[in-house]
Amino acid sequence: MSMAQKQDLVIFSDHSVLSRELFSKDLHHVLFVTHKLGTSPSWLINALVETQVLGFPATLNESHAAAVNRASNRKITDSKCATVASFIHNRGFFTSALKKLKVDAECYNIIDYMTDFVLKNYGKPASKVLSSLLEELSNESATSELLILEQPELLVHLLNITSDQLHLELINPLIKKFPLLVVVSYTEAYENVPSDSNEKLSSDMIEQIRFCNSCFFKSAAVLGLKPLATGHASDVSGTLTITRGGASLSHLAVHVVENEYLFLTQKDTTKLFYR
Amino acid sequence: MSFRKRSEVLGAPGGSPRVLSRGAGPNRTPQQPPLARGITPRDVRSVTGGISRLSVRNTPELSPVVTKGLELDASHPGIRPSPATSQPATSTGCRDLDKTLGHMGLPIGQTLLIQEQGTTDFSSVLVKCFAAQGIVHNRVEGSNAFVHGNTHLVVLTLNQFFAKELPGVYQGSRKDVKRSKVSLTESKITVQNTLESGAAPKDLKIAWRYGLNDDSAKNSKRSEADLDTYPNYSHAFDITSRLVPAPTSAELTLISPNQPLDAVLSQLQTVFQRHDKKLIRVVVPNLLHPVMYSPEYSQLPVIVPLLHGIRSIIKKNSERAVLISTMSSDLYSKSGSQLVTSIENMFDAAIDLEPFPQEMSQFLERVYKSQPQKIQHGLVHLMKLPLLSDRGEMHVRRSEYAFRNGKKKFEIEAWGIPIDDSEVQESKGGIENSDSSKSQTTVSLDF
């Protein structure tokens with residue numbers, strides 16, 4: 001695999017990761033990133049932030065040293081910053097990773113919904129918490145064009161709400177605020193649905209499936225990260241599958257390029273290969 | 001050691017700016033007296049003053065390199081850098097688990113979930129070793145440790161006797177224990193010992209003859225075997241013994257999980273505030289065990305906020321906290337429910353213990369008839385490794401490792417199905433029989 005040719009990540013037909021077409025008009029789009037046990041999406045989130053800041057995922061496919069060497073030659077695009085809001089990782093997790101990639105700290109903003117979220121919000125009415133979250137995140141739209149929400153589905157359990165309520169009171173309003181919203185979701189349970197359809201699904205499982213299905217329908221593209229079905233391999237970490245989502249992009253001049261990559265993540269670097 | 005040129009100013013940052021004249025130039029300050037060619041006694045005094053200031057000034061220059069949290073733990077006996085990421089890690093009390101996690105321990109600020117299938121309770125051994133290791137680290141400094149220790153243990157359990165159930169440090173084989181006891185009683189100043197002291201040289205002779213007195217060689221061997229650089233990092237624990245004296249409230253805090261969520265979290269936070277300069281090892285044994293946790297805890301809207309809150313506290317104190325938790329995965333089905341996957345998601349690392357079914361155990365007993373110490377007890381499945389999995393590396397490894405629980409250690413090793421000698425012999429026998437039927441016509445060889 002080390003001899004295999006590395007491939008650039010392309011999501012849209014203009015050979016870009018995040019096409020400028022998405023931000024050109026007063027339009028709003030969603031990307032949905034799913035991941036499973038063993039394939040953490042942190043490298044993809046970092047690549048998306050880098051794309052927003054620099055115009056392309058500079059450190060993807062590069063060895064760490066080469067990426068750092070190239071960092072000085074980069075030019076920051078005039079686009080607005082990116083915001084990452086995570087319900088599972090704290091601020092330090094992202095800042096240390098992006099610092100290693102030499103992304104300027106002024107070009108992105110991290111909102112930490114992990115630290116003290118329960119202590120601050122436990123027992124409060126869910127709608128109130130959701131509205132305060134919406135307000136805080138909406139304020140970011142003044143400076144950011146891209147919002148990455150990591151594991152918002154945890155709110156279903158943290159606030160004891162339904163997935164519909166989460167979509168109606170948080171996700172949908174956020175879609176209207178940002179030109180591009182990326183929802184990153186952990187879908188390990190989604191595919192654990194028993195094959196025997198007679199077995200009764202638990203209510204939390206139904207909520208999870210409902211949340212994911214809604215995201216599928218709303219998104220223009222779905223980026224699925226999953227490990228190889230054969231298990232661990234030393235030269236492949238997993239597959240990245242890019243498929244079209246339920247939302248149409250016919251109003252734009254670009255479309256989603258469906259593709260499947262193999263990727264290998266090792267020591268802070270990720271390389272992509274064709275399947 | 002470097003030598004400076006005479007004309008260079010001592011104490012100047014980098015020592016680069018040169019002052020050529022003694023005249024009161026604009027650069028001349030009372031803190032940095034210049035040295036010119038003609039050195040007078042006053043200059044010598046000023047030079048020594050400069051050197052003393054040098055040493056004072058250099059210390060704060062070094063300190064910013066070490067971060068605030070690490071400063072506390074720089075000399076902690078239970079912390080060493082991870083060979084994989086060079087982040088500080090602490091021992092889990094089981095050397096093989098330390099190795100399996102990829103960091104020679106559990107990195108500070110990380111959380112580990114140990115799941116166990118079936119009705120066995122091997123995970124409790126790992127939890128107790130983890131807890132006992134913390135207490136042993138705390139006691140490294142001697143009697144002072146009870147008040148000003150370096151480690152504190154927090155256990156979320158209803159079991160009030162948890163402290164008394166911790167295993168003691170493995171003292172060696174029975175012979176070693178006996179020998180150490182004899183030497184201990186001999187070293188005591190008693191009437192009998194002083195009377196027998198005359199016979200000591202004779203004993204020594206015999207001891208020398210049998211090599212018993214050759215302690216220095218043994219000690220050096222042991223120190224070579226141990227990690228020289230981190231002598232108190234990891235210990236072996238004897239699960240048949242008990243840690244004596246049992247940890248007190250100064251070393252261990254028990255928090256009942258059977259109370260409102262905010263009470264659990266606030267108690268945990270208080271512990272972190274009270275022991276602000278210690279490494280805090282949090283243990284959550286038997287998560288969701290029906291004896292300890294009320295039925296509503298098995299609902300996601302209750303357990304997820306609890307784990308999210310605990311995770312938040314650990315991450316907030318990520319420079320001095322680690323967490324280990326165990327859970328029986330058989331109690332909660334993985335298919336059709338999101339509970340187990342959601343709990344796994346809340347931890348940075350996860351492993352799964354799968355004890356062998358009876359047929360497999362019987363097979364291993366038969367194969368290792370002459371080497372019963374080699375019999376493994378189950379498989380270890382790796383789900384997530386701390387730090388490595390979070391950055392996107394794929395570390396799900398099922399059925400690649402096996403574990404064996406012994407008196408002195410919990411071993412994890414690469415798994416391979418052993419060859420059954422009896423089957424091989426049978427098959428060989430079959431071949432030989434067929435050969436012998438053929439070889440009846442040939443001439444037999446003489447040896």
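Tabulated data
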quantity: Cut-off under 5 Å, modelled amide H: who pairs with B:Thr253 long-range; calculated: B:Leu153, B:Val154, B:Val155
quantity: For B:Thr326, distant residues with modelled amide H under 5 Å away; calculated: B:Ile114, B:Val284, B:Asn286, B:Leu287
quantity: Length-normalised contact order for region B:270-335 - Cα pairs under 8 Å, 6+ apart - percent; calculated: 51
quantity: Separation in nanometres of the label points that stand 7 Å from Cα toward Cβ, at A:Glu260 and B:Ser294; calculated: 4.9
quantity: Of the GluC sites (Glu not before Pro) in region B:367-428, those whose Cβ has at most 10 other Cβ within 10 Å and which sit in DSSP loop; calculated: none
quantity: Restricting region A:149-251 to trypsin sites (Lys or Arg not before Pro) in coil, as DSSP defines it, with at most 11 other Cβ within 10 Å; calculated: A:Lys200
quantity: Region B:240-334 shape via C-alpha gyration tensor axes, a/c threshold 1.5; calculated: oblate
quantity: Peptide-level mean, for A:201-208, of C-beta atoms on other protein chains within 10 Å; calculated: 5
quantity: Most fluctuating residue given options A:Tyr113, A:Tyr186, A:Tyr122, as computed from a GNM of chain A linking Cα atoms under 10 Å; calculated: A:Tyr122
quantity: Shielding score for B:253-266, defined as the mean number of other chain Cβ atoms within 10 Å; calculated: 1
quantity: Long-range HN-HN contacts of B:Ala236 with modeled amide H, under 5 Å; calculated: B:Tyr170
quantity: Neighbourhood net charge (12 Å Cβ-Cβ; Lys/Arg +1, Asp/Glu -1) for A:Asp14; calculated: 0
quantity: Chain pair A, B: total accessible area buried, heavy atoms, 1.4 Å probe, Å²; calculated: 3400
quantity: Cβ-derived FRET efficiency at R0 56 Å, B:Gln171 paired with A:Ser141, nearest 0.05; calculated: 0.30
quantity: Over 20 Å (Cα to Cα) - which of A:Lys124/A:Lys218; B:Lys99/B:Lys128; A:Lys99/B:Lys384 fall in this group; calculated: A:Lys124/A:Lys218; A:Lys99/B:Lys384
quantity: Filtered chymotrypsin sites (Phe, Trp or Tyr not before Pro), region B:83-188: DSSP coil and at most 13 other beta carbons within 10 Å; calculated: B:Phe161
quantity: Sum of side-chain charges, B:Leu268 neighbourhood, beta-carbon under 15 Å (Lys, Arg +1; Asp, Glu -1); calculated: +4
quantity: From phi via Karplus (6.51, -1.76, 1.60), per-residue ³J(HN,Hα) for region A:9-17 in Hz, x at Gly/Pro; calculated: 6, 10, 10, 10, 5, 8, 6, 10, 7
quantity: Net charge of Cβ neighbours under 13 Å - reference B:Asp98; Lys, Arg +1; Asp, Glu -1; calculated: +2
quantity: DSSP bridge pairs, chain A: antiparallel proportion in percent, nearest 5; calculated: 40
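The values are calculated or read from the model by the stated rules, or taken from the named source; none is laboratory data. Keep in mind that this is a model prediction, so the values were computed, not measured. Cβ atoms come from the backbone with ideal geometry, glycine included; neighbour counts cover every protein chain shown. Side chains are part of the model used for accessible areas, which takes the heavy atoms of the whole protein and leaves out ligands, DNA and RNA. Shrake-Rupley method; radii C 1.70, N 1.55, O 1.52, S 1.80 Å.
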